[in-house]
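Some notes on the structure that comes next.
The values are calculated or read from the model by the stated rules, or taken from the named source; none is laboratory data. Model, not experiment: these values are computed from the prediction. Glycine also receives a Cβ, built like all others from the backbone with ideal geometry; neighbour counts cover every protein chain displayed.
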Amino acid sequence: MEILIKNLKEAKKFFKNLKNKIISKRIVLLIGNLGAGKTTYAQLIAKEFKIKEPLQSPTFILWQKYEFKFKNRKFYLNHLDLYRINKPQEILKLDLKNELKKKENIFLIEWGEKIEKYLKRKKIKFLKVEIKILNKDQRLLELNESSFN
């Protein structure tokens, strides 16, 4: 599915409508060029889940974790930024493998293309949001869900 986002208000509405899907899939890969809006969209998603702390780009620490409740269940939003990861093996050193198994963990992964092959190989379901810059304000979002037989 493709959707044209003209401003932040439209982006907020788009991600608000995805809340249940994000919870059920548990992993959202945010993919786009530098400056495409990955961190901004991660912040919008965090706000939709009523996370009070400001979500910042975790580029230098790679991984930040935030607790939240959704429909009276406790979850953890794991915000990862894989920009500085050069080899897939580096991702596994983060102990991500164990964290992916925990049902209370939700993942927003910037530069998600760096882990996509691993998730597919392990048959781990995810949502992929590809962000294409059209101009200063507008983005084209392409949403795809992984599927395995």
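Can you name every residue in the stretch 97-112 that is in contact with a helix residue (DSSP H, G or I) (Cβ under 8 Å, 6 or more places away or on another chain) and farther than 20 Å from residue 54 by Cβ?
Initial filter on the stretch 97-112 (in contact with a helix residue (DSSP H, G or I) (Cβ under 8 Å, 6 or more places away or on another chain)): 105-111.
Within the stretch 97-112, 105, 111 meet the criteria.
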- prompt: Taking the condition under 15 Å from residue 104 (Cα atoms) and either among the small types (Gly, Ala, Ser) or not in a strand (DSSP E or B) (or both), does residue 20 pass?
  reply: yes
- request: Give the residues of the stretch 62-81 that are within 16 Å of the chain's Cα centre (by Cα), closer than 21 Å to residue 18 by Cβ and not hydroxyl-bearing (Ser, Thr, Tyr), sorted by residue number.
  value: 64, 65, 67, 68, 75, 77, 78, 79, 80, 81
- line: In the stretch 55-90, residues that are modelled with pLDDT under 80, surrounded by fewer than 12 Cβ atoms within 10 Å (Cβ to Cβ) and not in a loop (DSSP other than H, G, I, E, B) total 1
task: Go through the stretch 26-61 and give me each residue that's on the phi > 0 side of the Ramachandran plot and more than 13 Å from the chain's Cα centre (by Cα).
output: 35, 50
- prompt: Which of the residues that make up the stretch 1-12 are touching a strand residue (DSSP E or B) at 6+ places or on another chain (Cβ under 9 Å) and surrounded by fewer than 20 Cβ atoms within 10 Å (Cβ to Cβ)?
  reply: 1, 2, 3, 4, 6, 10
- prompt: How many residues does the stretch 1-33 hold that are more than 15 Å from residue 135 (Cβ to Cβ) and either in contact (Cβ under 8 Å) with a residue 12 or more places away in the chain or of a type in the set (Gly, Ala, Ser) (or both)?
  reply: 20
- request: Filter the stretch 91-149 down to residues that are surrounded by 14 or more Cβ atoms within 10 Å (Cβ to Cβ), assigned to a helix (DSSP H, G or I) and of a type in the set (Lys, Arg), then give me how many there are.
  value: 1
task: Quickly run through the stretch 24-50 and pick out the residues that are in a helix (DSSP H, G or I), of a type in the set (D, E, K, R) and out of contact with any Asp or Glu (no Cβ under 9 Å at 6 or more places or on another chain).
output: 47, 48
task: Find all pairs meeting these conditions: Cβ atoms under 6 angstrom apart; at least six residues apart or on different chains; first residue within the stretch 69-90 and more than 19 Å from residue 37 (Cβ to Cβ); second residue in a strand (DSSP E or B) and among the hydrophobic types (A, V, I, L, M, F, W, C).
output: 75/68; 75/106; 78/107
